[in-house]
């Protein structure tokens, strides 16, 4: 009993401090991990060896490989080129610009981490908004919400997907067949709703369209040759994801191999490249893995799993719908990454008890991705665009986000729930 209480207290305190945003979350996660191991050694339920085994190096390897690819591509100006080209295609019309930027951000988020995508696209979006003479807030909010939604469609599009795929042994193609069709419908509904919600802000009054048409995309592209090289390797990485099962290799191996080949071909300043890798994010993940490993070793997650089984063992469809909404609501209150890491062992325990957990993996993926849209703190991508908006004359407030994010969250959840029920036989293993 002491092990259960101690592990829960350490995990709870760590999460509270992490989401108070007063201390760097990576430092807090690592401190919590150390405290969990120390408590485990003291009470005899967790060891250093178990802590290392709890870290999912498949997930960390995949994220690290894709981060290196982004670090190689970012200095070339490729992302800025895309944003400027999109602005020109909009012909200076704010409503069209919102649709195009939202679509470009979504496509990028399907193959790159959505946080990285908004970090690269948002500053250019702010500049375009200033050139047009409109508030960039609607554009930034739309980019974040559609990035979160579209990222659910692929294995590498959203951190929770990477975690789920590693634990459930799902492939890139599994996400394309099981998640992409539903996400497309939910994404389109979100886009149309955002167009309606922002109709006042997007009125075409006093817009300097000529200034946008004078933008030169070629000037944004600093190194076209390097960009082409990296895009070629990125194409092979994506092809490798498609062929993952026949090749018999993991997505992490494919991403790391691609990053190594790209580095050899491009020959960048390796110190600068590695400096652009989000090491703090990787360490944060490792800390959370160790914390959740402590909960598992103490028997907390097994107890939760047994409670769920006793409540609704045969109602896996109902269990899946309940998990979808529960995870979504929790993800709107706290970041979806720790929620996902904490629930993965619970689902695995349910599988050990004889429950068909195939549908639960997809419920977790949909809930974590869509729930992050509800509030500013629901997703790291949201926090990034809000922080960047503080540079503008009209920063994004929590009230504005709630007025736009919550309707999108509930609409997409309702649509996804209906489609999830219809597609349920596809998810059963």
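The values are calculated or read from the model by the stated rules, or taken from the named source; none is laboratory data. This is a predicted model, so every value here is computed, not measured. Counting neighbours? That spans all protein chains shown, and the Cβs are built from the backbone with ideal geometry, glycine included.
Checking residue 374 against (1) modelled with pLDDT under 85; (2) under 20 Å from the mean Cα position of the chain (by Cα); (3) not in a helix (DSSP H, G or I), only one condition comes out false. Which one? Condition not satisfied by residue 374: (1).
When restricted to residues that are without any contact (Cβ under 8 Å) to a residue 60 or more places away in the chain and in contact with a helix residue (DSSP H, G or I) (Cβ under 6 Å, 6 or more places away or on another chain), the stretch 125-153 contains 6.
Residue 400 meets the conditions (1) in a helix (DSSP H, G or I); (2) within 24 Å of residue 318 (Cα to Cα) in every case but one. The failed one is (2).
Checking every residue in the stretch 33-42 against the condition of being surrounded by 15 or more Cβ atoms within 10 Å (Cβ to Cβ), touching a helix residue (DSSP H, G or I) at 6+ places or on another chain (Cβ under 8 Å) and modelled with pLDDT under 90 gives zero matches. I'd like the full set of residues that are out of contact with any helix residue (DSSP H, G or I) (no Cβ under 7 Å at 6 or more places or on another chain) and within 16 Å of residue 156 (Cβ to Cβ), limited to the stretch 246-274. Those that are out of contact with any helix residue (DSSP H, G or I) (no Cβ under 7 Å at 6 or more places or on another chain) and within 16 Å of residue 156 (Cβ to Cβ): 249, 253, 257.
Residue 23 meets the conditions (1) in a helix (DSSP H, G or I); (2) surrounded by fewer than 19 Cβ atoms within 10 Å (Cβ to Cβ) in every case but one. The failed one is (1).
Taking the stretch 54-65 as the range and being at pLDDT 85 or above, in a helix (DSSP H, G or I) and more than 16 Å from residue 272 (Cα to Cα) as the test, the residues that pass are 54, 57, 60, 61.
Scanning for something farther than 25 Å from residue 135 by Cα and in contact with a helix residue (DSSP H, G or I) (Cβ under 9 Å, 6 or more places away or on another chain), does the stretch 371-386 turn up at least one residue?
There is at least one residue in the stretch 371-386 that is farther than 25 Å from residue 135 by Cα and in contact with a helix residue (DSSP H, G or I) (Cβ under 9 Å, 6 or more places away or on another chain).
Among residues of the stretch 245-272 that are at pLDDT 90 or above, none has a beta-carbon under 7 Å from a residue that is assigned to a loop (DSSP other than H, G, I, E, B) and surrounded by fewer than 19 Cβ atoms within 10 Å (Cβ to Cβ) at least six positions away or on a different chain. Residue-level analysis places residue 91 among those that are surrounded by fewer than 20 Cβ atoms within 10 Å (Cβ to Cβ) and at positive phi.
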